1. Within 10 Å of each residue's Cβ, count the other Cβ atoms and sort 68, 25 from fewest upward.
2. What label, among (1) 7.4; (2) 9.0; (3) 8.5, belongs to mean projected area of the Cα convex hull in nm² computed from the structure on display?
3. Residue by residue, what Karplus-based ³J(HN,Hα) values in Hz, rounded to whole numbers, does the range 53-70 have, using 6.51, -1.76 and 1.60 with θ = phi - 60° and x for Gly and Pro?
4. Amide H to amide H under 5 Å from residue 105: which residues, 5+ apart in sequence or cross-chain, H placed 1.01 Å off N in plane?
5. Just how many pairs of Lys in the range 2-117 have C-alpha atoms closer than 29 Å, counting pairs that are eight or more places apart or on different chains?
6. Between residue 47 and residue 64, what length comes free when the chain is fully extended (0.36 nm per residue of separation minus the Cα-Cα distance, one decimal in nm)?
7. For the chain, what does the relative contact order come out to in percent, with C-alpha contacts under 8 Å and a separation of six or more?
Amino acid sequence: MNEEKNAHIALAKLAAEFWRLIKSYERTLTTLPPDNKAASVLRNAERKLTTILEETGMKVVTYDGQTYTPNLAVTIINTDEFSSGEELIIGNTLEPTIVLDDRVLFVGKAVSKRKESL
């Protein structure tokens, strides 16, 4: 059972890194000609990631746009920019949360922003 748990954790870490790589390349697509095949390749890679994770009971979770609450499985990296009573939303996911059957395997990282700055 411990080997299976370690395998799930390793897959979760790999999935988070692959997700980050996909998102990084998506940002560069705006600089490429519209007929470039890179967008198709990225969409296909993201679909494959989702399929592989679903086959093992895992999923990628991002909280972009959601109101931040401490029970979310995400680490906010810019908490020092806000006072303790401010209502925050998740502005941008830097690393996704990876979940296996409602159990968090990998806690994501995100940047938050004030709710009124929408």
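Every number here is computed from the coordinates shown, using simple stated rules; none is lab data. It should be emphasised that the depicted structure is a prediction, and the values quoted were computed from it without experimental measurement. Because the Cβ atoms are built from the backbone with ideal geometry, glycine has one as well, and the counts that use them run over all protein chains shown.
1. Values: 68 21, 25 14.
Ascending number of Cβ neighbours within 10 Å: 25, 68.
2. (2)
3. Values per residue, Gly and Pro as x: 5, 4, 4, 9, x, 9, 8, 8, 10, 10, 10, 3, x, 7, 5, 6, 9, x Hz.
4. Long-range HN contacts for residue 105: 98, 99, 100.
5. Pairs that pass both the separation and distance tests number 24.
6. 4.2 nm
7. On the way: 151 pairs, mean separation 32.7, N = 118.
Worked out over the chain, it gives 28 percent.
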